[in-house]
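Structure, as structure tokens:
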Amino acid sequence: MSQGTSSNPWLDLAFSPVRGLSPYVPGKPIEELERELGIQGAVKLASNENPLGPSPSALEAMRAHAGAVHLYPDGNGFKLKQALAQHLSVAVEAITLGNGSNDVLDLIARAFLGEGRGAVFSEHAFAVYPISTQAVGGIAQLAKALPADDPEQPRGHDLAAMRRAVDERTRVVFLANPNNPTGTWVEKGALHGFIASLPQDVLVVVDEAYIEFVDEESDFPNAISWLAEFPNLIVTRTFSKIHGLAGLRVGYAVSHPQVADVLNRVRQPFNVNLLALEAACAALADPEHVRRTRELNRAGLRQVREGIETLGLSALPSLGNFLCIDMKRPAQPIYDGLLRQGVIVRPVANYGLPDFLRVSIGTEEENARFLSALRVVLESSR
Ligand SMILES: *Cc1c(COP(=O)(O)O)cnc(C)c1O
């Protein structure tokens with residue numbers, strides 16, 4: 001190999017936009033921390049997973065189909081698409097299944113972005129948008145977030161700034177509602193006006209990974225209800241969060257059928273595995289598990305918010321299953337201290353939030369573990 005400019009000669013041979021990418025940093029796995037510290041019983045509140053686990057019916061479906069994994073899955077996901085179409089009151093042809101919704105985001109980038117084509121997203125937005133955009137040579141068109149002292153959505157998405165960032169290069173807008181890692185959201189009227197203001201040949205992706213955690217009474221948009229009005233709208237959702245199937249990797253997009261047709265052309269033939277297809281169908285048929293999870297989360301949000309306030313801290317507003325907590329100083333040492341207490345949370349410096357830690361809402365006991373570990377760490381670092 002010839003020597004290039006980096007220490008990895010293969011990196012010099014990679015597609016040039018790929019050279020500038022850094023790998024996505026996931027939450028630290030529990031086993032890894034337990035191995036490193038030689039401890040047991042660590043708690044992970046780092047990846048917004050469902051603390052109740054999967055629905056019992058999803059588990060049962062996986063067991064029932066485990067003996068069939070020598071067979072390829074249904075590449076068209078017929079049964080799951082039928083179930084989703086009915087659940088969401090949309091046409092089967094509107095649905096694109098993915099290996100997690102991250103896969104769908106990647107399909108969108110591969111199909112509609114590429115060199116010279118831009119994607120608009122906000123500062124502090126989900127990390128997969130810049131990765132998927134840059135991996136195909138697209139241009140990241142970053143919009144500044146709302147200021148830290150915004151009275152309603154501090155550090156939330158600034159729709160006016162996002163609209164201004166759209167220019168003739170823009171092909172896609174990515175927007176998570178609620179957003180991860182901030183937890184902030186945009187309301188119905190504002191989002192509707194934003195989408196209506198976009199040129200009709202710019203696709204807008206509304207990522208609703210956390211929508212099932214949102215209380216139905218609030219003025220929160222369900223973007224799927226606007227699909228008939230906006231042919232350039234793509235709504236993505238996942239079974240990883242409230243349905244508790246993150247380890248199986250299954251998510252989907254709902255869009256105009258002609259947009260779905262394009263996504264389907266770049267999709268790998270068997271991108272959703274057989275057990276995931278079965279478990280997702282079963283999860284969808286268990287609204288009780290979803291309801292229980294939502295209620296646990298609501299109580300947990302309150303518990304953690306009150307707990308950190310007692311410690312003199314505050315968090316950004318959140319409608320998700322996590323809180324983005326302002327440590328009011330560099331958060332990395334607090335993260336490290338929490339690890340030593342056996343509690344894994346998520347540093348978000350790579351999201352432009354070096355003073356914040358994101359903590360997922362767990363069971364009442366896990367939340368209490370986090371709060372007491374945080375107290376110990378804060379006291380010992382005085
Ligand atoms: C967790 C998350 C997803 C879901 O990812 P999967 O690939 O479906 O597991 C998508 N978008 C956002 C904003 C998320 O936080």
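At a glance:
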item	result
Filter result (surrounded by fewer than 16 Cβ atoms within 10 Å (Cβ to Cβ) and in a loop (DSSP other than H, G, I, E, B)) within segment 272-292	A285
Residues of segment 59-104 that turn out to be in contact with a Ser or Thr (Cβ under 8 Å, 6 or more places away or on another chain) and either farther than 14 Å from V250 by Cβ or open to solvent by 60 Å² or more (accessible area, probe 1.4 Å) (or both), as a count	1
Among (1) out of contact with any strand residue (DSSP E or B) (no Cβ under 7 Å at 6 or more places or on another chain); (2) open to solvent by less than 10 Å² (accessible area, probe 1.4 Å); (3) on the phi > 0 side of the Ramachandran plot - the single one S132 does not satisfy	(3)
From S57, S101, S89, residue being in contact with a strand residue (DSSP E or B) (Cβ under 9 Å, 6 or more places away or on another chain) and within 28 Å of A280 (Cα to Cα)	S101
The one condition in (1) of a type outside the set (A, V, I, L, M); (2) under 30 Å from L97 (Cβ atoms); (3) at pLDDT 95 or above that N350 fails to fulfil	(3)
Subset of segment 1-11 (residues that are modelled with pLDDT of 65 or more and more than 22 Å from I139 (Cβ to Cβ))	S6, S7, N8, P9, W10
Selection count, segment 66-122, where residues are touching a Lys or Arg at 6+ places or on another chain (Cβ under 8 Å), of a type in the set (A, V, I, L, M) and away from the ligand (no atom under 16 Å from the Cβ)	3
Restricting segment 178-198 to residues that are touching a strand residue (DSSP E or B) at 6+ places or on another chain (Cβ under 8 Å) and in a loop (DSSP other than H, G, I, E, B), the residue that is farthest from the ligand (Cβ to nearest atom)	L198
Filter pass, I224 being open to solvent by less than 20 Å² (accessible area, probe 1.4 Å), touching a Ser or Thr at 6+ places or on another chain (Cβ under 7 Å) and among the β-branched types (V, I, T)	no
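The values are calculated or read from the model by the stated rules, or taken from the named source; none is laboratory data. Treat the numbers as computed from the prediction; the structure is a model and nothing was measured. As a convention, Cβ positions derive from the backbone with ideal geometry for all residues, glycine included, and neighbour counts pool all protein chains shown. The accessibility values were calculated without ligands, DNA or RNA, using every heavy atom of the protein model including side chains. Shrake-Rupley method; radii C 1.70, N 1.55, O 1.52, S 1.80 Å.
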